[in-house]
1. Extending each Cα 7 Å along its Cβ direction at S368 and R64, get the distance between those two points in nm, one decimal.
2. Which whole-number percent of Cα pairs in segment 125-209 have a distance greater than 21 Å?
3. May I ask you to work out the translational diffusion coefficient for segment 1-118 at 25 °C, viscosity 0.890 mPa s, via Stokes-Einstein with Rh from the Kirkwood sum over Cα pairs, reported in whole µm²/s?
4. What does the convex hull of the Cα atoms of segment 83-153 come to per residue, in Å³, rounded to a whole number?
5. Please sort 393-403, 518-528 by packing, taking for each peptide the average over its residues of neighbouring beta carbons within 10 angstrom, highest first.
6. If contacts are Cα pairs under 8 angstrom and at least 6 residues apart, what is the relative contact order of the chain in percent?
7. Calculated from DSSP H runs of 4 or more alone, at -39500 (n - 2.57) each and per residue, what is the 222 nm mean residue ellipticity of the chain, nearest 500?
8. Can you give the extra length, in nm with one decimal, that the chain gains between R128 and E324 once fully stretched, where that is 0.36 nm per residue apart less the Cα-Cα distance?
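Values in this text are rule-based calculations from the coordinates and carry no lab data. These numbers come from a predicted model, not from an experiment. All Cβ positions, glycine included, derive from the backbone under ideal geometry; neighbour counts span all protein chains shown.
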Amino acid sequence: MSMSGGPVELRLRAAVESSPSGLLMIDADGRIVLVNREIERLFGYAREELLGKSVDMLVPARLRSSHPGARAGFFAAPRVRTMGAGRDLFGLRKDGSEVPVEIGLTPVATNEGLFVISSIVDISARKRAEQRFRVAVDSSPNGMVMVDATGKIVLVNREIERLFGYAREEVLGQPIEMLVPAASRGNHPSFREAFFNEPRARSMGIGRDLFGVRKDGTQVPVEIGLNPIETDEGLFVLSSVVDISARKQAEDERRALEEQLRQAQKMEAVGTLAGGIAHDFNNILGAIIGYGELLFSEVGHTPSVAADIAELLKSAQRGKDLVERILAFSRRQERVRRPLDLGQTVSEVHQLLRATIPAKIDVRVAISPATPRVAADATSVHQVIMNLATNAAHAMPNGGRLEIDVEPFYLGDSAARARPGLREGPHTLLVVRDTGMGMDRMTRERAFEPFFTTKAPGAGTGLGLAMVHGIMHDHLGAVELESEPGKGTTVRCLFPALAVEASEAPAVAADAPRGHGESILYVEDEDSLARVGQRRLVALGYEVVVATDPAQALQLVRSAAANRFALIITDYSMPHMSGLDLAEEITRIHPHLPILMLTGYMENLPEERVRSAGVKHLVKKPLTMVELALAVKQTMG
Ligand SMILES: Nc1ncnc2c1ncn2[C@@H]1O[C@H](COP(=O)(O)OP(=O)(O)OP(=O)(O)O)[C@@H](O)[C@H]1O
Ligand SMILES: [Mg+2]
C-alpha cells in the first residue's frame with residue numbers, strides 16, 4: 001500500500017498524522033506499516049524504529065504470548081471493534097514503562113491484502129482521575145453504594161465494608177436487597193423502580209427508621225440519601241449510608257434520662273405534699289390519742305365506753321403507723337448511715353421472713369462473699385427488704401420462689417451516666433426476685449408512685465415501693481424493676497460501695513513525707529472514712545484527733561490552746577455546716593491555723609471563697625497515701 005500520491009492522499013496523511021489518537025497500521029503478519037505522531041509520543045519511539053517491526057514490541061511481555069492468537073482471530077473475522085473488551089490494556093514504552101490504553105481495531109482491505117488500523121488512546125489521565133475518585137469515595141466517612149437499574153451493586157466504598165462487615169468482592173454484582181432487612185426486602189424492588197422512574201436526589205424512607213442488615217445478621221440503624229447518577233452506561237443510583245447507631249443510642253439515653261427526671265420530679269412533688277400533710281396529720285393524731293387516753297382514764301370504768309374508746313385509740317394508732325410510712329418515703333425522717341454489711345442484714349431479715357412469708361413460698365437467700373460494705377441505715381434496709389419480700393409474696397398467692405441475692409456489682413461509666421445521681425464504681429447489689437404474676441406495663445410504670453396500688457381498697461396503701469424508692473435515693477443508690485406479666489418480677493437495689501474500707505491496712509510508701517508527732521484535727525462526718533484517715537495519718541507519724549461533726553470540731557478548737565493543733569483537715573460536704581463555713585469559724589478563732597480541705601469530685605468551689613475562708617490547701621478525694629502525706633506537709637508549711 002502506498003500513501004504517497006494525489007492531494008486526497010496527502011490530506012489523508014496529514015489528518016492521520018495530526019490525529020489526537022495514536023494510529024498504527026499493521027499487516028496480517030503483525031508488522032507495523034504506519035504510525036503517526038501520537039504513537040511516537042505515546043511509546044517514545046521514533047517511527048524509523050517501529051516501521052517494519054513486529055507490533056509485539058509495543059505489547060508488555062506478560063501479554064505478548066496471547067497477542068498473535070488474538071491477531072489471527074481478528075484477521076480471520078475482521079470487523080470494527082474494541083480490543084480486549086472489559087480488560088485493562090497496556091502499551092509498552094521504549095523506556096520499559098507501561099501506559100494504560102484503549103484500543104479500537106478497524107480492518108482495512110486493500111489490494112495488497114488485509115490490514116488493521118489500531119487507534120490507540122492514552123487513558124492514563126482518565127485512570128488517574130478514576131484512581132482519585134476511588135480514593136475520595138473510599139475515604140468518605142459516609143458509606144456509598146452505587147446500584148444499577150436492575151438493583152445490582154456496582155460500587156461500594158470502604159465505609160460500607162466496615163458498616164456491613166462484607167468485603168467488597170462479596171457484594172459487587174449482588175442485589176442491593178442483600179443489605180436490606182428481610183422485613184423490608186419484599187417492597188424494596190418496587191421502591192427502587194419508582195426511584196428510577198422519577199430520579200431525583202432525596203432521602204430514603206423519611207420518617208421511618210431505616211436499618212441495614214450486616215453480614216452477621218445483626219441490624220444497624222442508618223440514614224440513607226439517594227442520588228441519581230447519569231453515566232454513559234445509563235442511570236445509576238448512588239446511596240450515601242450513614243451509621244446513626246451512636247446518635248440513636250445517645251437519643252435513647254437522653255429519653256431515658258428525661259423520663260427518669262420526670263418520674264423523680266413527680267415523686268419529689270408527691271413526696272413533699274404527702275410529707276407536709278403527714279406532718280400536720282401526725283399532730284392531729286397525737287391530739288386524738290392524747291385526749292383519747294385522758295378520756296379513757298376518766299370514763300374507762302364503764303365497760304361499753306371503754307371498748308369504744310379502745311377502738312378509737314386503735315384506729316388512731318393505725319393512722320399513726322400510716323403517717324409513719326408516709327414520712328418514711330417522703331424523707332422527713334433522719335437516717336443515720338453507717339458502714340453496713342448488706343449480706344449480714346439480709347441474713348437477719350431472712351429469719352424474720354421465715355415467720356411472715358407463707359410456707360408454700362420457697363425463700364432462698366444467696367449472699368456472695370466479698371461484697372463491699374455500704375453506707376446505710378440498717379432499719380431502712382430492713383424496710384426495703386421487708387417491703388419487696390411482702391410484694392413478692394402477694395404476687396405469689398399460690399406459692400412460688402422468692403430469691404434474695406446480695407452481690408458485688410461494678411457500675412460502668414455509661415450505665416452510670418444513664419442513671420442520674422449514680423457514679424461509676426463498685427456497688428453492692430440487692431436483688432429480690434419472685435416467680436409471681438408480674439406486672440403489665442402500666443403497673444410497671446407507676447409502681448413506684450406513692451399511693452399507686454392494684455390491691456383492693458384497704459388491702460394496700462401503695463406506699464411500699466415509694467418508700468423503697470425514697471430510701472434508695474437517700475442512700476445515693478437506685479432501685480430498678482424488671483417485670484413481665486406471668487414472668488415474675490425482679491427488683492434491683494444498687495448501693496454505692498464504701499469508697500474506702502475501714503479495714504484496709506494503710507501501707508506507707510517509702511517516699512511519703514512523714515510527720516513527727518504533730519497534732520492534727522481530722523473532721524469527717526463519715527465514720528468509716530474518718531477512721532481510715534486517722535489510721536493513715538497515724539501511720540505517717542502524726543497524732544490525730546477525730547471529729548465526726550463540725551460542731552464537735554469547733555468545740556475542740558475553741559477549748560484548745562492556739563498551738564494545740566498543727567493542722568486541721570476537714571471534709572467539705574458535711575451535714576449542718578460545710579467545710580468552708582467550719583474553716584471560716586476556725587480561722588476567726590485561730591487565724592494562723594493551717595487548714596487542708598478535702599472535696600469530692602463534684603463540688604466546684606470558687607477559689608475566692610476558699611481563700612477567704614482561710615483554707616490553705618484544697619485537694620480532691622480520694623487521695624492515695626502519698627498524696628495525703630504530701631498535702632499535709634505542704635499545708636503545714
Ligand atoms: N413483686 C411484685 N409482683 C407483681 N406486682 C408487684 C410486685 N411488687 C409491686 N407490684 C405492683 O406494684 C403495686 C405497688 O406496690 P407497692 O408496694 O408500692 O404498694 P402495695 O403493695 O400495693 O401496697 P403497700 O405496699 O403499701 O401495702 C402493687 O399494688 C402491685 O400491683
Ligand atoms: Mg407493697
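1. Once both label points are built, they end up 7.4 nm from each other.
2. Values: 1337 of 3570 pairs.
For segment 125-209, the fraction of Cα-Cα distances above 21 Å is 37 percent.
3. Values: Rh = 14.8 Å.
In µm²/s, the coefficient rounds to 166.
4. Dividing the Cα hull volume of segment 83-153 by its residues yields 135 Å³.
5. Per-residue mean Cβ counts within 10 Å order the peptides as 518-528, 393-403.
6. Working: 1071 pairs, mean separation 39.9, N = 637.
This gives 6 percent for the chain.
7. Estimated from H runs of four or more residues: -13000 deg cm²/dmol.
8. That pair, R128 and E324, stretches by 62.3 nm at full extension.
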